[in-house]
1. Lysines within cross-link reach of Lys97: Cα-Cα under 20 Å, excluding same-chain residues under 8 positions apart?
2. Subtract the Cα-Cα distance of Arg353 and Glu326 from 0.36 nm times their separation in residues, and report this length gain in nm to one decimal.
3. Give me the percent relative contact order of the chain, please, defined on Cα pairs under 8 angstrom at least 6 residues apart.
4. Which whole-number percent gives the relative contact order of region 355-433, counting Cα pairs below 8 Å spaced six or more residues apart?
5. When the convex hull of the C-alpha atoms of region 1-48 is computed, what volume per residue in Å³ does it have?
6. Between Rg and the Kirkwood Rh of region 64-121, both from Cα atoms, what is the Rg to Rh ratio?
7. Considering the zone a paramagnetic label at Glu404 would reach in this model (a point 7 Å from Cα along the Cα-to-Cβ line), which residues of region 365-381 have amide N under 16 Å from it?
8. Please report the net charge: other residues with Cβ closer than 13 Å to the Cβ of Gly133, K and R +1, D and E -1.
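Rule-based calculations on the coordinates, nothing more; no lab input. This structure is a prediction, so every number in the text was calculated from the model and none was measured. Ideal geometry is used to build each Cβ from the backbone, glycine not excepted, and the neighbour counts take in all protein chains shown.
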Amino acid sequence: MSQYRAPRGTEDLLPEQIPLFDHVLETCRGILESYAYLEIRPPLFEETRLFVRSLGEVTDVVEKEMFTCERGDTSVTFRPEATASVVRAYLENHLGKTRPFRKLYYIGPMFRFERPQAARQRQFHQVGIEAIGSHDPRLDAEVIHVAALLLESLGIQGFTVHMNSIGDAEDRERFKQALTEFLAPQIGQYCEDCQRRYERNVFRVLDCKQKECKKRNEDAPAFLDVLGEESSAHFEQVQQALDTLNREHEIDKRIIRGLDYYTHTVFEIRLPSLGARDTLVGGGRYDRLVEEMGGPPTPAVGFSLGVTGVLLAMGKQGLAEQHLGEPPCPVFVACLGDEDRGSAFVLAEGLRRAGLTVDLDFEGRSIKAQLRQAAKRGARVVLILGEDERNRHVVQVKDMERSEQIELPNDGDLPTEIRRILERGQKEADLAP
C-alpha cells in the first residue's frame, strides 16, 4: 500500500465513479440552461478580504473554516462558497452595464477546513445560481422552484422545502433588539462561542449547533414577528408564486442561514433520511451584497446545491448504481502476432481520427486474452489483424454481441461500416424489453 494518502477531507473520484458524478452535473446544467441561466467560472481562490467582507467576520466560515495562503503582503483564500466570487466578477467585468439583470450559474469545487463527515468534505463540489438585478418576488420563487427541480430531475424523493424571511435592514434592527433582550438574562448559560457572538454579532447565536444552546433558542423571537409591511408583502408574494408553480413549501421561522449577506427570503431543501446533515440546498436573497462590495444598490437571489449530499442521497435511494462503472470502449483492435502490433497501432489511430473511440492491447497478450480484454471493456466491435489480413489489406470484424464475424476492406469506408454495426447494436438494445 502507498505511504501517501489523499489529504483528510478529500477523496479521489475513480473512473467508475465519474459517470455518476457527470450525470449529476450534466442534469443540473441542462435544467439551469433551460431556465436561461448562463455559466460563469470564477477562479478557485480570491483575495481573503473578499470573503471576510461578504460573509461577515463573525461567521464559522471566516473564523474557523477558510483555507488561506499568505505570501508577503498577499493573502488569498480558496473559495469557501461562490456567491462572493460571482458578485466580484459581475462588478469587475461591468456585467450590469451591458445588461443589468443577469442569470448566472456555476459548477465547481469549494474548500472549507471543517471536520470531515459523511456529507461534509474539505474539498466539495457545489452547483449554484445567482440572479442579479431584480427584486421581483417571482424570481425568489423561480430560484426555489429550480433548486427543487434539480433534485426531482435526479430522481431524489422525500425532500421538503423550508423557507423564511429575515427582512430588510430595518427589520433586522428590530429583530436585533428583540433577540438581544431575550438573550441578555441568560447569555451566561450559553457556550463560549455564543457569548462572544452575543457581543459581536448577536444573530450568530442562533447558528449554534451545541445541543443546550439550540434548546434555549427554541423560545427566541422570530424574524416573522417583526417584519415590516413591505417585507411581509414580499414574502407573501413569494409564497403565492410558489403556489402557482404547485411547489409545496413550509414556513420555518428558525431559518436565518449562516452568512451575513442574506436579506428577505431564505430557504433550505432538506432530506430528513440523511440525518443531522440533511440540507441538500440552501440559499436566499441578498439585496445589499453588491452595494457592500462597491457596486450600486442591486438586488439578487441565489442558491447552492451540495453535490456530496446529493450523491449520498442518490446512493441511499438506489439511484446511483445504474450510473456507476467505467464507460464502455466500443471498438477494440486485436492482433494475431507481435509482428501485427504496428499495423494495429496505425489502424486504431485512423479510426480515432474518424471519430470512433478505440483501444488496443499494450501488454503483449495472446489473441484469446485480447478478446477477453475487449469483452471486459464492453467492446461491441473487435477488429482482428494478422499477417494474411495485412497482405490482403482487409480486417476481420467481430460483432461481440451477435458473435458474428465478417471481413471488410481496410480502407476509407471502414469507419462508416463499423459505425453502422454500432448503431445497429444500439437500436437492438433500445428495443430490448
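1. Output for Lys97: empty list, no partners.
2. Contour length minus Cα-Cα distance gives 7.5 nm.
3. Answer for the chain is 16 percent.
4. The normalised contact order for region 355-433 reaches 22 percent.
5. 142 Å³
6. 1.09
7. 380-381
8. Local net charge: +1.
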